[in-house]
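Engineer: The following block contains the structure, expressed as structure tokens.
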Amino acid sequence: MRVTPCQASLAAAIGLNLLLLYCGWPWGPAAPASSCRIPRGIPGVTVLLREFEPVDNDVPGTTRAFSLRHPVLVVTDTVLYPPLPLPPGVAVFPVRPVPERPPPLAHPELRVRTRHVALVPDGTRAVPGLLERMRDALEAGSGDARIAVAPVGTEPLRCLEMSLESREWTVRYRDAPGIPELCQAVEGSAVLLLRTRDLFALPFPLARPVATALFIQAAFRGWKLRVVPTAFPLSRRLPLSPHNQWKAQSGLENRRRRLMRDLGIKREVLPDGQERWYGCGKDTARCFGTIHAGTPQYILTGRWTPPCCLRALRETTQHVVSILEASGIRYWLEGGSLLGAVRLRDIIPWDYDVDLGIYKEDVGKCRWLAAAAAGEAVEDAEGFLWEKAAEGEFYRVHYSRSNRLHVDLWPFYSRGGVMTKDTWLGHRQDVEFPERFLQPRVPMEFAGLTAMAPNSAREFLEFKFGAGVIENPEYPNPSVKRMGQE
């Protein structure tokens, strides 16, 4: 069969497209081949410029400083705007996926061919041979050191220890004793150098703020930082205008909040004891969704109640108790809340609400409860929402209209010396009990306040839950997940 020129051209075009697809060649001049590229692992250091402001930056000066001796890649979320006069050979790589770019080419690691990479802050100036000294210090040290750090500017780095409390969604920083060579984090502007394979094995290799993202991910893996004391110079730049300072600070806070959400961190405890919170608040929804089978989703992931939720529950409890006491309503700690008070003087770390019993005949003494009993959801002067529960004859006080963390108020009444109520939800502790446990009620520390509780708390709890309940912690529904199955 004779092949026509048209058929030959078509076959050639198909073959070329298959070759380009195999090699991962983009529809554009900027991206490299993947399968057909030079294998990664060439000696040297690639400089990655990732941490810079979109407008007020020194990207051209920083890239010029390093591009004479090292390959330089500017990693951005989107295309640089406004365009910048970058030196020849400096590549710009937007990491945010766009519809017209094939997914494999959205990975910046395909552009790095050297064994090591250095993440350089904007405004840094090169020192001949210093990146190589950092690389040598990293490779000559112990196996725990997977990142080398060197200061930028005249301020020395502050070496920190870090502890990750994954179940509590918390990271804590402390000053490292003495002047250690190995740190878990540093405070101050720094160049970070590590092996290329280590960087791109992380789940969030180029998340921002870059240093915070790397330090936390390294801590999860037991990696240490080796400090190289020689500093990189910092360029002299005009100070930002007040408006641009505000923009830069707002951008940093937004990036930090997104990063902590991705890393599963709700609270940072700084070396001076101050705290940064990233979880839910009055104006947001709570950190977890609808609860099924008495087991919040976070328990299934090996975590406990987010600290922001525990904080909100404590605040709600303190508010509700103050209202009940001011109104003359007789109340007491119930169920798991009493159990937490006996064990810890606090909410059980994996609990998701607080339970209080009240005398049903006292409901009318509080205007918020009386309104809720009449079917009206009312928001009090401090933004807490009081309403009747949809599940039956009891009441809920929510942290806010948006955030439905709540205290449940269970109205009991005496019948022949036995405390009973009108709604039973089938919980293990949801049983009638002798009124003698409330005659008298006794004070007990709980969640930062002194609340009223049944007398003979151990006997009361074992009556409801069974013998040994105080000494043997268990999740709300052991049939779904038992303690110790993490």
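Engineer: Could you tell me the calculated FRET efficiency between R257 and E379, based on Cβ-Cβ distance and R0 = 25 angstrom, to the nearest 0.05?
Structural biologist: 0.40
Engineer: Dividing the Cα radius of gyration by the Kirkwood radius, what Rg/Rh value follows for the chain?
Structural biologist: With Rh from the inverse mean 1/r over Cα pairs, Rg/Rh is 1.12.
Engineer: Viscosity 0.890 mPa s, temperature 25 °C: Stokes-Einstein D of the range 233-337 from its Kirkwood Cα radius, in µm² per second?
Structural biologist: So the translational diffusion coefficient is about 138 µm²/s.
Engineer: If we restrict to alpha carbons, what Rg and Dmax does the range 403-468 come to, in Å?
Structural biologist: According to the Cα coordinates of the range 403-468, Rg and Dmax are 13.1, 40 Å.
Engineer: Report the relative contact order of the range 300-465, percent, no decimals, based on alpha-carbon pairs under 8 angstrom and at least 6 residues apart.
Structural biologist: Contact order relative to length: 23 percent.
Engineer: Calculate one ³J(HN,Hα) per residue across the range 155-164 by plugging θ = phi - 60° into the Karplus curve 6.51 cos²θ - 1.76 cosθ + 1.60, and present them in order as whole Hz with x for glycine and proline.
Structural biologist: 7, x, 6, 9, 7, 10, 8, 9, 10, 9
Engineer: If you build the convex hull over the alpha carbons only and average its shadow over all orientations, what do you get for the range 332-388? Give it in nm² to one decimal.
Structural biologist: 4.8 nm²
Engineer: Additional query: In percent, how large is the relative contact order of the chain, given Cα pairs closer than 8 Å and 6 or more residues apart?
Structural biologist: Reported relative contact order: 10 percent.
Engineer: Ok, one more. Averaged per residue, what accessible area in Å² does the range 42-227 show with a 1.4 Å probe, protein chains only?
Structural biologist: In whole numbers, the range 42-227 has 44 Å² accessible per residue.
Engineer: Within the range 59-91, list the residues whose amide N lies under 14 Å from a label point set 7 Å along Cα→Cβ of H243.
Structural biologist: Nothing falls inside the zone, counting backbone N under 14 Å.
Engineer: In addition: Over the alpha carbons of the range 163-258, what is the largest minus smallest coordinate on each principal axis, giving the biggest first in Å?
Structural biologist: 41, 34, 30
Engineer: Could you work out how far apart the two model spin labels at L300 and D136 are, taking each label as a point 7 Å from the Cα in the direction of the beta carbon, and quote it in nm?
Structural biologist: Placing both labels 7 Å along Cα→Cβ, they lie 5.4 nm apart.
Engineer: Expressed as cubic angstrom per residue, what is the convex hull volume of the alpha carbon set of the range 42-227?
Structural biologist: That works out to 137 Å³ per residue.
Engineer: Count the lysine pairs in the chain whose Cα atoms sit under 30 Å apart, keeping only pairs 8 or more residues apart in sequence or on different chains.
Structural biologist: Lysine pairs, 8 or more places apart or on different chains, close enough: 19.
Engineer: Quick one: grab the alpha carbon gyration tensor of the range 207-294, order the square roots of its eigenvalues as a ≥ b ≥ c, and give me rounded if a/c is under 1.5, else prolate or oblate depending on whether a/b is larger than b/c.
Structural biologist: Verdict is oblate for the range 207-294.
Engineer: Ignoring ligands, DNA and RNA, what percent of the 1.4 Å accessible area of the chain is carbon and sulfur?
Structural biologist: Carbon plus sulfur share of accessible area: 55 percent.
Engineer: As a check on your grasp of the helix formula, calculate [θ] at 222 nm for the chain: sum -39500 (n - 2.57) over DSSP H runs of n ≥ 4, divide by the residue count, round to the nearest 500.
Structural biologist: -8000 deg cm²/dmol
Engineer: For a quick check: with amide H placed at 1.01 Å from N, whose amide H comes under 5 Å from H116's, ignoring anything fewer than 5 positions away on the same chain?
Structural biologist: G44, T46, T196
Engineer: Same structure again: Testing the spin-label approximation: label points 7 Å from Cα along Cα→Cβ at D56 and A201. State their distance in nm.
Structural biologist: Each label point lies 7 Å from its Cα, and together they span 4.0 nm.
Engineer: A follow-up question, please. How much length, in nm to one decimal, is gained on full extension between N477 and E361, taken as 0.36 nm per residue of separation minus their Cα-Cα distance?
Structural biologist: 38.5 nm
Engineer: Counting each pair of different Cα atoms once, what's the Kirkwood radius of the range 107-203 in Å, rounded to one decimal?
Structural biologist: Kirkwood radius, the range 107-203: 15.0 Å.
Engineer: Related question: Looking at the chain, what % of its DSSP beta bridges pair antiparallel, to the nearest 5?
Structural biologist: 65 percent
Engineer: Two decimals, Cα atoms only, Kirkwood Rh: what is Rg/Rh over the range 300-465?
Structural biologist: Using only Cα positions, Rg/Rh for the range 300-465 is 0.94.
The values are calculated or read from the model by the stated rules, or taken from the named source; none is laboratory data. Owing to the predicted nature of the structure, the values given are computational and were not obtained by experimental measurement. Because the Cβ atoms are built from the backbone with ideal geometry, glycine has one as well, and the counts that use them run over all protein chains shown. Heavy atoms of the whole protein, side chains included, go into the accessibility calculation; ligands, DNA and RNA do not. Shrake-Rupley method; radii C 1.70, N 1.55, O 1.52, S 1.80 Å.
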